[in-house]
Amino acid sequence: MSTDEVVEQILRTYDTITVVGASANPTKAANEVPEYMKSKGWRIIPVNPTATEIVGEQVYPTLADVPEHIGLVDVFRPSADTPEIARQAVAAGATALWLQLGIASPEAREIAESAGLLYVEDRCLIIEQRRTGITAGA
């Protein structure tokens, strides 16, 4: 399956995005992207150990602290952090891992794909949502 096909499958399949590294700072992409995706119908679950509320949603310190099923994990952390995030996503039962624009890791890819997760790296959710026109629940 091509990356574009994986992108479209993810956008059509998941109505909730768990965002690791979500930011409370509205000038950062890690705030802008979740806010935008929320405006297009996706539910956002922010994960950040230093915040309590981001984009109007309760924040959880780690993926393991999220008290519900996790499907799509979107990552705003340095590439070097992503293998551990991939392991945590697998442990939490996630089924898709998306690394934002500028973030890539062969090790994270191997961890995710070996566990059967859909995987996208170095792509921006806003750009891909606009390109495809897909909205949550579509």
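For region 1-19, which positions are in contact with a Phe, Trp or Tyr (Cβ under 9 Å, 6 or more places away or on another chain), open to solvent by less than 80 Å² (accessible area, probe 1.4 Å) and either assigned to a loop (DSSP other than H, G, I, E, B) or of a type in the set (Phe, Trp, Tyr) (or both)?
14
Within region 37-51, identify whether any single residue is over 21 Å from residue 134 (Cα atoms), at pLDDT 95 or above, open to solvent by 60 Å² or more (accessible area, probe 1.4 Å) and more than 13 Å from the chain's Cα centre (by Cα), and answer yes or no.
There is at least one residue in region 37-51 that is over 21 Å from residue 134 (Cα atoms), at pLDDT 95 or above, open to solvent by 60 Å² or more (accessible area, probe 1.4 Å) and more than 13 Å from the chain's Cα centre (by Cα).
Can you tell me how many residues within region 20-36 are outside any strand (DSSP E or B) and either under 11 Å from the mean Cα position of the chain (by Cα) or aromatic (Phe, Trp, Tyr) (or both)? Spell out the reasoning first.
The initial filter retains those residues of region 20-36 that are outside any strand (DSSP E or B), namely 21-36.
Keeping just the survivors that are either under 11 Å from the mean Cα position of the chain (by Cα) or aromatic (Phe, Trp, Tyr) (or both) gives 21-22, 30, 33-34, 36.
Adding up the residues that qualify gives 6.
Which one of these does residue 89 not meet: (1) open to solvent by less than 60 Å² (accessible area, probe 1.4 Å); (2) within 21 Å of residue 26 (Cβ to Cβ)?
Only one criterion in (1) open to solvent by less than 60 Å² (accessible area, probe 1.4 Å); (2) within 21 Å of residue 26 (Cβ to Cβ) is unmet by residue 89, namely (2).
The conditions are (1) of a type in the set (A, V, I, L, M); (2) in contact with a Leu (Cβ under 8 Å, 6 or more places away or on another chain); (3) surrounded by 13 or more Cβ atoms within 10 Å (Cβ to Cβ), and residue 54 fails exactly one of them. Which is it?
For residue 54, the exception is condition (2).
Consider only pairs whose beta carbons are under 6 Å apart and that are at least six residues apart or on different chains; among these, list those whose first residue lies in region 1-17 and is touching a residue at least 12 places away in the same chain (Cβ under 8 Å) and whose second residue is basic (Lys, Arg) and open to solvent by 70 Å² or more (accessible area, probe 1.4 Å).
So the pair list comes out as 16/43.
Could you give every pair whose Cβ atoms fall below 9 Å, whose first residue belongs to region 20-34 and is farther than 15 Å from residue 59 by Cβ and open to solvent by 10 Å² or more (accessible area, probe 1.4 Å), and whose second residue is part of a loop (DSSP other than H, G, I, E, B) and polar (S, T, N, Q), counting only separations of at least 6 or pairs across chains?
Taking only residues 6 or more apart or on different chains, the pairs are 29/23; 29/100; 32/23.
Out of the residues in region 58-68 meeting the condition of being in contact with a strand residue (DSSP E or B) (Cβ under 9 Å, 6 or more places away or on another chain) and open to solvent by 60 Å² or more (accessible area, probe 1.4 Å), tell me which one is nearest to residue 16 (Cα to Cα). Full working, then the answer.
Filtering region 58-68 down to residues in contact with a strand residue (DSSP E or B) (Cβ under 9 Å, 6 or more places away or on another chain) leaves 58-63, 65-68.
Filter again for open to solvent by 60 Å² or more (accessible area, probe 1.4 Å), leaving 58, 61, 65, 67-68.
On the way: 58: 14, 61: 18, 65: 16, 67: 14, 68: 11 Å.
Top of the filtered list is 68.
Would you check which residues across region 112-126 are open to solvent by 40 Å² or more (accessible area, probe 1.4 Å) and part of a helix (DSSP H, G or I) and list them? Break it down into steps so the answer makes sense when it comes.
Of all residues in region 112-126, those open to solvent by 40 Å² or more (accessible area, probe 1.4 Å) come to 113-116, 121-123.
Result: 113, 114.
The values are calculated or read from the model by the stated rules, or taken from the named source; none is laboratory data. Because the structure is predicted, anything quoted here is derived from the model rather than measured. A quick note on method: Cβ atoms are made from the backbone with ideal geometry, for glycine too, and the neighbour counts reach across all protein chains shown. Just the protein is used for accessible areas: all its heavy atoms, side chains included, with ligands, DNA and RNA removed. Shrake-Rupley method; radii C 1.70, N 1.55, O 1.52, S 1.80 Å.
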